[in-house]
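A short write-up of the structure that comes next.
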Amino acid sequence: VKMLSLIMAPLNINFKILKVKSLKNSSVTESHLANLGFVKGAVIKVVSENDGNLIVSIKDARVAIGKDIAKKILVEEM
């Protein structure tokens, strides 16, 4: 299994979330991310990237996440 951080994921490829690492010192909580669909097993796709900040497609929605959070989301290619 090739695990990589979401920030490294190529565009427009479906990935499965393996783990969301603890977000210490962040204004965004893990429960907030979970409410948006960022949970283990969820399918996620990076739609666009701008200076490390990502727009991702998850659960039929588009969500913008910063690079500090993207680094904490571990995914594998499906």
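Worth pointing out:
- Residue tally, condition among the hydrophobic types (A, V, I, L, M, F, W, C), within 11 Å of the chain's Cα centre (by Cα) and closer than 14 Å to MET78 by Cβ, over the stretch 7-42: 5
- Contact map, the stretch 29-43: residues that are within 13 Å of ILE65 (Cα to Cα) paired with residues that are among the basic types (Lys, Arg), Cβ distance under 7 Å, separation 6+ or inter-chain. Pairs shown: GLY37/LYS59.
- Residue ranges of strands (runs of 3 or more DSSP E) in the stretch 25-78 with at least 3 members more than 11 Å from PHE15 (Cβ to Cβ) and either open to solvent by 20 Å² or more (accessible area, probe 1.4 Å) or not β-branched (Val, Ile, Thr) (or both): 43-50, 53-58, 61-65
The values are calculated or read from the model by the stated rules, or taken from the named source; none is laboratory data. No experiment lies behind these values; they were computed from the predicted model shown. Cβ atoms come from the backbone with ideal geometry, glycine included; neighbour counts cover every protein chain shown. The area values use the complete protein model at the heavy-atom level, side chains included, leaving out ligands, DNA and RNA. Shrake-Rupley method; radii C 1.70, N 1.55, O 1.52, S 1.80 Å.
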